[in-house]
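Asks: Questions regarding the structure given below will be posed in turn.
Each value in this text was obtained by applying a stated rule to the coordinates, not by laboratory testing. Given the structure is predicted, the values throughout are model-derived calculations rather than measurements. Please note: Cβ atoms are built from the backbone with ideal geometry, for glycine as well, and neighbour counts cover all protein chains shown.
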Amino acid sequence: MMVLITYDVNTESKSGKSRLRKVAKLCVDYGQRVQNSVFECSITPAEFVEIKYKLAKIVDLKNDSIRFYLLGKNWQKRLEKIGKNDSYDPDKDLLIL
């Protein structure tokens, strides 16, 4: 399933900046950054439960926000782009040299 994860972490404090780095680092483990605070993640339902749990432990629930957009399996039909296109297709095979 394709999940779009977006986040807004309050970085006015040192602890906020640390949380921001932790959130971004965790999201990289599950998907691809497509904008500064936006990740496309092709994950299983179990991984979705796992990342939500891990992110909830990192963020300050009173000051930070994370949104999950469940795009499902046919996500390509729901995506439209304008402008620079550095994205990738996570459902295609990657060539690693």
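Asks: Could you tell me the ratio Rg/Rh of segment 2-74? Both radii from Cα atoms, Rh via Kirkwood.
Replies: On the Cα set of segment 2-74, Rg over Rh gives 0.96.
Asks: Cα-Cα over 18 Å: which of Lys14/Lys54; Lys14/Lys62; Lys25/Lys62; Lys17/Lys62; Lys17/Lys52; Lys25/Lys54?
Replies: Among Lys14/Lys54; Lys14/Lys62; Lys25/Lys62; Lys17/Lys62; Lys17/Lys52; Lys25/Lys54, the Cα-Cα distance tops 18 Å for Lys14/Lys54; Lys25/Lys62; Lys17/Lys52.
Asks: Within 10 Å of each residue's Cβ, count the other Cβ atoms and sort Val9, Val28 from fewest upward.
Replies: Arranged by neighbour count, lowest to highest, Val9, Val28 become Val28, Val9.
Asks: Ok, one more. Arrange the following residues from fewest to most other Cβ atoms within 10 Å of their Cβ: Asp64, Asp8, Asp29.
Replies: Going from sparsest to densest Cβ surroundings: Asp29, Asp8, Asp64.
Asks: How much length would be gained if the chain were fully extended between Thr11 and Val34, taking 0.36 nm per residue of separation minus their Cα-Cα distance, in nm to one decimal?
Replies: Difference between extended and current length: 6.2 nm.
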